[in-house]
Amino acid sequence: MSNHPKKQFRIQNKTNLYIDGTNLFAGQNELFGPNRYLSFPYFLKEIRNILKIDKIFFYASYMSESNRTRLDKGRQNLISAEALFYREVRNTKGLIFYKGHRSPTSGKEKGVDVHLSVDIVNDVFLGRCNKVVILTGDADLIYPLEIVKMLKIPTVALFLPNRFSLEMSYKADTAFVLNFLNKFKVEEVNRKLPKDLKVISIKKPRMINIRGK
């Protein structure tokens, strides 16, 4: 048995925001269409209106542009919107962008959720934050939240109105729906919502046309 003392990590008084970027882009595309996208600086401002955020981690993969000339106009616009949206994200000061990959055969995203989950747990174990905020609609990411809660670290879940996970909203200590265009309808959930869920109405989001207009 080793006589060396275990290294103790000092817990930093910071709130980390982890964004499932692929889920965010897909959700805002469903809300606003392929010809424009949600301004990311504006989006962060809306989040910071309700939460203090110290560090931001963003996880996403790009759609394939192979044989782009053979794609229909809608698909071309979608790829353009994604590239422009992620460029805004990457230009955000202090944000760490993790670029995942997609299967060359199926086009499905690979490894991004795993990387996000491991980063959350790793940051908490190493004391890099004392509060975790996650933005996603993917219920598969509930497990890292459960581990973080076991370690007595406060958790917050953020959702787009069309990417709401009831299960995750119950797992988190606090949850918010960023209710763009009032698309979130409580009566459509068909189950009792957690008492700590807050629905934030955002009627006029700032959008950017993919042609810059």
Fill in the blank from the handout: Plugging the Cβ-Cβ distance of Lys203 and Glu88 into 1/(1 + (r/R0)^6) at R0 = 22 Å yields, to the nearest 0.05, a FRET efficiency of 0.50
Completion exercise
With Cα springs under 10 Å, the Gaussian network model of the chain assigns the largest mean-square fluctuation among Phe184, Phe25, Phe43 to Phe43
Problem - About the Cα centre, charge dipole magnitude for the chain (Lys/Arg +1, Asp/Glu -1 at Cβ), debye - result: 660 debye
Exercise for the section: Grab the beta carbon distance between Ile11 and Arg211, set R0 = 45 Å, and tell me the FRET efficiency rounded to 0.05. Expected result: 0.45
Practice task
Lys and Arg at +1, Asp and Glu at -1: add these up for the other residues within a Cβ distance under 13 Å of Val177 and post the number.
Solution key: +1
Completion exercise
Length gained, Asn182-Tyr143, 0.36 nm per residue minus C-alpha separation, equals 11.1 nm
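In percent, how large is the relative contact order of segment 120-165, given Cα pairs closer than 8 Å and 6 or more residues apart? Don't jump to the answer; show the numbers that get you there.
Values: 47 pairs, mean separation 21.1, N = 46.
About 46 percent, as a whole number.
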Practice task
Multiply the residue separation of Asn130 and Val114 by 0.36 nm, subtract the distance between their alpha-carbon atoms, and state the gained length in nm to one decimal.
Solution key: 3.6 nm
Problem - Sites Met63 and Val121, calculated FRET efficiency, Cβ-Cβ separation with R0 35 Å, nearest 0.05 - result: 0.80
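Rank by packing, highest mean first: peptides 198-211, 146-159, with packing defined as the count of other Cβ atoms within 10 Å averaged across residues. Please report the intermediate quantities before stating the final value.
Details: 198-211: 13.5, 146-159: 17.6.
Descending mean neighbour count gives 146-159, 198-211.
Suppose the chain between Asn190 and Lys99 were pulled fully straight at 0.36 nm per residue; how much longer would it get relative to their current alpha carbon spacing? Could you put the intermediate results ahead of the total?
Numbers: separation 91, 0.36 × 91 = 32.76 nm, distance 3.62 nm.
Working it through step by step, the gained length comes to 29.1 nm.
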Exercise for the section: Choose one answer from Arg87, Arg36, Arg191: the residue with the largest mean-square fluctuation in a GNM of the chain with alpha-carbon springs under 10 Å. Expected result: Arg191
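Quick check for you: with a 1.4 Å probe and neighbouring chains kept, what is the accessible area per residue of the chain, in Å²? Intermediate results must be reported in sequence, preceding the final value.
On the way: 12060 Å² over 213 residues.
Per-residue accessible area for the chain comes out at 57 Å².
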Fill in the blank from the handout: Here segment 17-25 yields Karplus 3J(HN,Hα) values (6.51, -1.76, 1.60; θ = phi - 60°; whole Hz; Gly and Pro given as x) of 9, 10, 10, 6, x, 5, 5, 5, 5
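The values are calculated or read from the model by the stated rules, or taken from the named source; none is laboratory data. Just so we're clear, the structure is a prediction, and the values are computed from it rather than from any experiment. No Cβ is skipped: glycine too gets one built from the backbone with ideal geometry, and neighbour counts run over all protein chains shown. Surface accessibility is based on the protein's heavy atoms, side chains included, excluding ligands, DNA and RNA. Shrake-Rupley method; radii C 1.70, N 1.55, O 1.52, S 1.80 Å.
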